[in-house]
1. Which condition does Glu382 not pass, out of (1) within 24 Å of the chain's Cα centre (by Cα); (2) under 15 Å from Ala220 (Cα atoms), if it passes all the others?
2. Quick check on segment 44-56. Is at least one of its residues touching a Leu at 6+ places or on another chain (Cβ under 9 Å) and among the acidic types (Asp, Glu)?
3. Before we move on, is Val14 within 18 Å of the chain's Cα centre (by Cα), in contact (Cβ under 8 Å) with a residue 24 or more places away in the chain and assigned to a loop (DSSP other than H, G, I, E, B)?
4. Of the numbered conditions (1) modelled with pLDDT of 95 or more; (2) closer than 30 Å to Phe42 by Cα; (3) buried (at least 20 other Cβ atoms within 10 Å of the Cβ); (4) not aromatic (Phe, Trp, Tyr), Ala133 satisfies every one except a single condition; which is it?
5. Step by step: first the residues of segment 249-267, then only those that are β-branched (Val, Ile, Thr) and touching a Gly at 6+ places or on another chain (Cβ under 7 Å), then the one that is farthest from Val144 (Cα to Cα). Which residue is that?
6. Being in contact with a Phe, Trp or Tyr (Cβ under 6 Å, 6 or more places away or on another chain) and either within 23 Å of Ser393 (Cβ to Cβ) or assigned to a loop (DSSP other than H, G, I, E, B) (or both) is the filter here; which residues of segment 294-310 pass it?
7. Any chance segment 119-126 includes a residue that's over 25 Å from the mean Cα position of the chain (by Cα), without any contact (Cβ under 8 Å) to a residue 12 or more places away in the chain and not in a helix (DSSP H, G or I)?
8. Would you call Thr143 among the hydroxyl-bearing types (Ser, Thr, Tyr), surrounded by fewer than 17 Cβ atoms within 10 Å (Cβ to Cβ) and not assigned by TED's automatic domain parsing to the domain that holds Cys32?
Amino acid sequence: EHAIAWKLSQSSQVQQIFCTPGNGGTATQAKCQNIPISVTDFPALKQLIDDQNISLVVVGPEVPLALGITDYLQQPNLKIFGPTKAGAILEASKSWAKDFMSEANIPTAKSATFTKAETAKEYITEIPIVIKADGLAAGKGVTVATTIEMAHNAIDDIFQGDFDKKNQSVVIEEFLTGQEVSVLALTDGLTIRPLLPAQDHKQVGEGDTGPNTGGMGAYAPTPIITPELMASIQQQVLEPTLTNLQKRGIDYRGVIYAGLMISPTGEPKVLEFNCRFGDPETQPILSLLETPLEELLLACCEQRLAELPPIKWRPGVAVCVVLASGGYPGDYEKGKIISGIEKAEANGATIFHAGTKFQAENLITDGGRVLGVTAVGSNFTEAKTKAYAAVNSVQFEGMYYRRDIGSRVLMN
């Protein structure tokens, strides 16, 4: 959300940005004002829109989309970038998305859905296997189980409500090998256009080990996605997704984020869909975007995306390293004083805030993932070097980060 506000603030066409509830980064961002309203307090958000004569709403997180904020706020003269509740189910229910992909012949892993823990456990005879909470889980409801016991424990965690009390079903998928990539695409319901392909590091530990997180770092563009492969993804994934949404009568105007596994032989399969800009992929992607962001968002809202010229990109590569609270994605403490932001930015990085806020005069930690240190370079090595040089300037108690963001690029 800070990255979106940062990019919008660069345009002369954007006069004022209100961030709800905002964080320590948006609090000091040019043209931005934080308003302490919960993203699920729809009446208060509507009142803010009316009071401030707001003309464009950009929905960042998935929860208000899944709850139907776009439907609730519909009114003349207001543009809303983000799908309706009917479209947001693409992320809100993995079992729904699986049925959707099957109907549209979109390549994906074989799977089965269960509403009882014992039945799900009986289904598992081979490992490794992937266990997923059916509903929203903030990117943490996925376990790649390497033992039967690990699979059973993951199933128990889901049904016990570790991620969300509403998660009362589980999706079990075959384990796919290859490299994960993220393709975020903009759509106005009639046309769908991809942004730069990115790669995220989901797992908390170096070497892609440990539990899944919301993302520990990302880079764009990823060299694994060649122009030929992107054309294949457009044909096999993006276009069928839009066509099937249209077939179901879903008017989808926003981001369709396809999390893909690229097999060793170069075939893409969809692991999941998200219905909004992805974190931390958005940080490097928007760092390279030259076309004014509000032009793209308004074109989606007004169903004229096909009329726009090709999206312009800054040459080079962007790398984002996430600084997290110690203990994340498990239990962690808040309220740790953050220092070194100005020094890090003087080293050529942009610091995007996630779990931060101001308390008196101090910037403090307020979440699991705290900052996204992002740098742009003429090539991958330069961007990574600049990002980690900036990381070394930032400090807070318990700060944790992966030192191997982009290791896949170097291996290749």
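1. (1)
2. No; the residues of segment 44-56 include none that is touching a Leu at 6+ places or on another chain (Cβ under 9 Å) and among the acidic types (Asp, Glu).
3. Judged against the criteria, Val14 is not a match.
4. (1)
5. Only one residue tops the list, namely Ile250.
6. none
7. Yes; the residues of segment 119-126 include at least one that is over 25 Å from the mean Cα position of the chain (by Cα), without any contact (Cβ under 8 Å) to a residue 12 or more places away in the chain and not in a helix (DSSP H, G or I).
8. The answer is no for Thr143.
The values are calculated or read from the model by the stated rules, or taken from the named source; none is laboratory data. What you are looking at is a predicted structure, and each value in this text was computed from that prediction instead of being measured. Cβ sites come from the backbone with ideal geometry, for glycine too, and all protein chains shown count toward neighbours.
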